[in-house]
Amino acid sequence: MCGGFTCSKNALIALNILYVLVGFLLIGVGVYGRAASIVTDLPIVSGILACGVILILISMLGLAGAVRHHQVMLFFYMIILFLLFLIQFSIASSCLAVNSAQQQELAEQGWNNVPNSIRKEVQDTFFCCGFNSTTISTDDTSCDIIKKQCCNDPFDANCQCPPCLPMLEDKIDYAFKLCGSVGIFFSFTEVIAVFIARRYRNQHDPAYLPARAVFPARGYIY
């Protein structure tokens, strides 16, 4: 029967193997999100990446508990997985709920916190200077170098390279939407795993025989 001990065990093992793959997927999405935004050290995207790492570790605990039918492991597995569901669901919802103005604010904070070498890399990649018109740095020569490539006359004082925000805006928005969609989809499956783990933990292992059944008073096994 599907609700039996063996079925619950196999379902829990299969779910945890899936979660290992999902964990790597979340890590890949988080890395892509940070790479797509390049300089924006977005804390929400980093949270998705952290959830992927934690999910892999929890899945290992769940696999060990499912194979051994270990009560303590399964108990902590349920508690930690449910907490991860709450965190992952909140982060994923935040990714989808962030509007353009908030994305730009977070992106600007990331731009201000990264070293000049990374800013220069972005400016060289997109032929832009500064995050927006108000954040063009005056204490480095990175804009002077890129000005030779984006201006026909590098000595023209009126020629200014465009800011980097318009170049990064679409990539930042796509990174948020991708992280949010993947995170919120797989977070609901974690509730199913908690339910299966709870049922499996309370089920009796048919292969287990109490001591009184193995060593009865008259020497029979029944």
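The values are calculated or read from the model by the stated rules, or taken from the named source; none is laboratory data. These figures come from a predicted structure and were not determined experimentally. So basically every Cβ, Gly included, is an ideal-geometry build from the backbone, and we count neighbours across all protein chains shown.
Within the stretch 116-139, is even one residue loosely packed, with under 15 Cβ neighbours inside 10 Å, modelled with pLDDT under 70, acidic (Asp, Glu) and assigned to a helix (DSSP H, G or I)? Looking through the stretch 116-139, none of the residues is loosely packed, with under 15 Cβ neighbours inside 10 Å, modelled with pLDDT under 70, acidic (Asp, Glu) and assigned to a helix (DSSP H, G or I). All of (1) in a loop (DSSP other than H, G, I, E, B); (2) at pLDDT 75 or above; (3) out of contact with any Asp or Glu (no Cβ under 7 Å at 6 or more places or on another chain) hold for PHE176 with one exception: (1).
Applying the condition of being in contact (Cβ under 8 Å) with a residue 60 or more places away in the chain and within 16 Å of ILE13 (Cα to Cα) to the stretch 68-109 and asking which residue is surrounded by the most Cβ atoms within 10 Å (Cβ to Cβ) yields TYR77. Scanning the stretch 1-36 for residues that are hydroxyl-bearing (Ser, Thr, Tyr), surrounded by fewer than 18 Cβ atoms within 10 Å (Cβ to Cβ) and at pLDDT 65 or above gives a single hit, THR6.
Being modelled with pLDDT under 75 and under 30 Å from ILE27 (Cα atoms) is the requirement here; does VAL98 meet it? Answer is no for this residue.
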